[in-house]
1. With every protein chain left in place, what is the accessible area of residue B:278 in Å² (1.4 Å probe, nearest 10)?
2. What spacing in nm lies between the two simple spin-label points modelled at residue B:282 and residue B:86, each 7 Å away from Cα in the Cβ direction?
3. Quick one: compute a quarter of the convex hull surface over the Cα atoms of chain B and quote it in nm².
4. Given Cβ point charges of +1 (Lys, Arg) and -1 (Asp, Glu) and nothing else, what value in debye, to the nearest 20, does the dipole of chain B about its Cα centre take?
5. Note down, for segment A:72-141, the three equivalent ellipsoid semi-axes (square root of 5 times each alpha carbon gyration tensor eigenvalue), biggest first, whole angstrom.
6. Taking the Cα centre of segment B:105-173 as origin, sum charge times position over the Cβ atoms of Lys and Arg (+1) and Asp and Glu (-1), and report the length of that vector in debye to the nearest 20.
7. Please report the accessible area of residue B:173 (heavy atoms, 1.4 Å probe, ligands and nucleic acids excluded) in Å², nearest 10.
8. Using only the alpha-carbon atoms, how far is helix B:107-123 inclined from the longest principal axis of chain B? Give it as 0 to 90 degrees, nearest 10.
Amino acid sequence: MEKVQQLSIFAENRPGRLEKITRVLGENGINILATAIVSTNGFGVIKFMVDKCDLALAKLREAGFTVSLSEVLAIEMKDKPGGLHDVVQILSEKGVNIENASVYVAESRKRAYLLVEVKDIEKAKQQLKNSGLTFLGAKQQAPA
Amino acid sequence: MTKRYWQKDIETISRRSLEDLQVKRLRSVFSRLYRTVPNFQSKCRESGVKPSDIESLKDIVKIPFTTSEDLRGGYPDGLLAVSRDKAVRLHTSSGTTGKPKALFFTKKDINQSADLIARCLTMTGTGSGDVLQNMMTYGLFTGAMVMHYGAEKVGALVIPAGPGSTERQVALMKDFGTTAVHILPSYALYIATFMARHGMDPRKDLSLKRAYMGAEPYSEKTRQKIESIYGIDVYNCYGLTEMNGPGVAFDCMERSGLHLWEDQFILEIIDPATGQQLPDGEQGELVLTTLCREAMPIMRYRTRDITRVKPGKCPCGRTHRRISRILGRTDDMFIIRGVNIFPQQIENVLMGIRGVAQNYQIVLESLDDITIRVEIASDMFDGNIERLLAIKKEIIEKVRSSVLVRPDVELLEPGTLPVADGKAKRVIDERTL
């Protein structure tokens, strides 16, 4: 099972924060593959899966953002009715709890991935070893 | 072996001899001031005190207080006790409102204040071979100049960097192997953040051994935080322009209170409301009298700083009494729901919580509500929002149990709050009462 990484950025809820983050990514030629925003009263955490993780981490830090990089599971889904259900059913059967999730559509109408954050990734990997699920790897996350 | 004392005889003088010296000096300076400064004399006449009334240290209470308003009233040179051509330096203390306070120094005054700093540096291990980077503001403010002269006196190499230009500060520290810094606590924290952002580790990339910090109130927890980030010893430095600037009182290596140089100053702690003297150990306003100053002696100056005398002898051998770190300013205290609160109480809580960065603000919006705005520590962030919510809850609960008022808490991105080449503004009072 290969590593897929996700950036998390701490942001106060105020106008212009997301715009500034996406500008840093855009100006540095970093492609966003998937996005999720978790927000609460006052602040939020913005999650990105990008093609150049290390560059994005460095550039965002340089711009003064509070960023962390963490590993997520990227599970292949069939882009058809019930595709998400099939994956989630397996996770549920294997006892893997989803902390946060977002979707990366690799090829429209063909291939999509469910990005799943879990508390203990090593344990989750063990639990899903013989689940029949297909995972995205680091090579496929990096730019072609 | 490194030198332990700069002026051993006076630093370790017996209490009895010290008090004799104080009385002698007090009588002499009081009568000189009475003779030479008409403003002062008329004030004493109003209080009914004349030089012959001062026979023992206890008689000091007969002398009227000097307030910062008195010093402003004397601007520019109404309180000068020597002819103006004897003064060789002028400093001013900025007032947030109205006129500044102007302070004159003779050659002897300059030399004495440098000697006090030399005592402080020697007692904390700085001497020849050390490189002291002075990051306080050079100019009208006393902070940098007085330290500079004292550091040269003990033979340290002084880098007069002044504040700001953080990138250059770091380069100077690295290139010249700076071993000691004189710096504002808020700026030390800022430099640490800056270094972390640029992938540097102060413990590995610098040769620092110690820092001298003062000029703005900061808590014991902040001191510990700075010590662990940099891997150094932090010594508290107390002073104020009206009393020469830094070096009035200073931590020794025991760091259990700041020795206040009682051969040069008479120290009193008073109840700020009544003006009555308080016994050692009780918290109150620090009042200082200069004993040796030529150009502008000042009697019973109300510093507005809150502290207490630490009773007992210090193992370092110095006999001059110690004061605790400054607990607050009589001006900074605010009242919420009838509770007196000093910003340092809140700072102390914040600095003990993991995940909280150095910078914070207290916003007062009404008589009942207090909002604490605090930056999160970027190295603690792992993308987990529950963790952030837990930090927020911890702050609310710990502050409530410390000051008995439940605050609102806003978590901010690091670098959001204004810092800090100068003094950080911690309390924002938006109340219109």
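1. For residue B:278, solvent-accessible area is about 50 Å².
2. In this crude label model, residue B:282 to residue B:86 measures out at 3.8 nm.
3. Its average projected convex-hull area is 21.6 nm².
4. Dipole magnitude for chain B comes out near 1220 debye.
5. For segment A:72-141, the semi-axes come out at 19, 14, 11 Å.
6. 140
7. Surface accessible to solvent at residue B:173 totals approximately 10 Å².
8. 50
The values are calculated or read from the model by the stated rules, or taken from the named source; none is laboratory data. These numbers come from a predicted model, not from an experiment. Counting neighbours? That spans all protein chains shown, and the Cβs are built from the backbone with ideal geometry, glycine included. Accessible surface is based on the protein model in full, side chains and every heavy atom, while ligands, DNA and RNA are left aside. Shrake-Rupley method; radii C 1.70, N 1.55, O 1.52, S 1.80 Å.
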